[in-house]
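What follows is a set of notes on a single structure, which appears directly below.
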Amino acid sequence: KIPSFFVGEKMISEKNIDENSVSNMDDIDLMQTQKATPPEGESNPFFDPNAEDKINKNNDKKFISSEQLNDIYFAFDQHKIDKSAKEILLKNAEWLKHNPFLKIKLAGHCDERGTNNYNIALGERRALYVKKQLAFLGISENRLFPISFGEEKPTCWEGEEKCWSKNRRVQFLIISD
């Protein structure tokens, strides 16, 4: 269904010209349109709600790393975890069950290999995979907020496998208001 604010826009096209009529294309302004405005009370998806600074910005949120929540590490170019990472995930899930009011940011990270866009997508797949596994283990999805940093926030900067393996992770950060 087309939103109603598109319905008000009228555009003349070649389909509107009778094939048998002899008309001069110069007589038709193909860009003739009427301004389309959404009806009162209907939102316009193209409107930037922050243009007039109407959004309440909450800059007070902080992200806290907990010694009780360990990072989950991944193999090169993978978003699924191995047996040792599953054990860490189980421990993290158990701790989250004992702290049911905490909200967690799942930050997906990658090593520096690959393009920025690819690494952002891979970091997101990693974070979403961890969220899915935690939900399977009984953690409410409403508490889990996946995000990807791709290769932008490494913990190690050396260009070797020992270092790259430390950067391929999902980090658990507690959201504090």
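Quick note: the coordinates plus some simple rules give every number you see, no bench work behind them. A quick note: this is a predicted structure, and the numbers were derived from the prediction, not measured. Positions of Cβ are backbone-derived with ideal geometry, glycine not excepted, and every protein chain shown enters the neighbour counts.
Ranked from highest to lowest mean number of other Cβ atoms within 10 Å per residue, what is the order of the peptides 169-176, 152-159?
169-176, 152-159
Sorted by packing (mean other beta-carbon atoms within 10 Å per residue), highest first, where do 143-150, 105-112, 82-89 land?
105-112, 143-150, 82-89
Please give the Cα centre distance for the stretch 77-107 versus the stretch 114-165, rounded to the nearest Å.
12 Å
Please compare each pair in 91/131; 91/153; 86/132; 83/105 to a cut-off of 18 Å on the Cα-Cα distance and tell me which ones are over it.
91/153; 83/105
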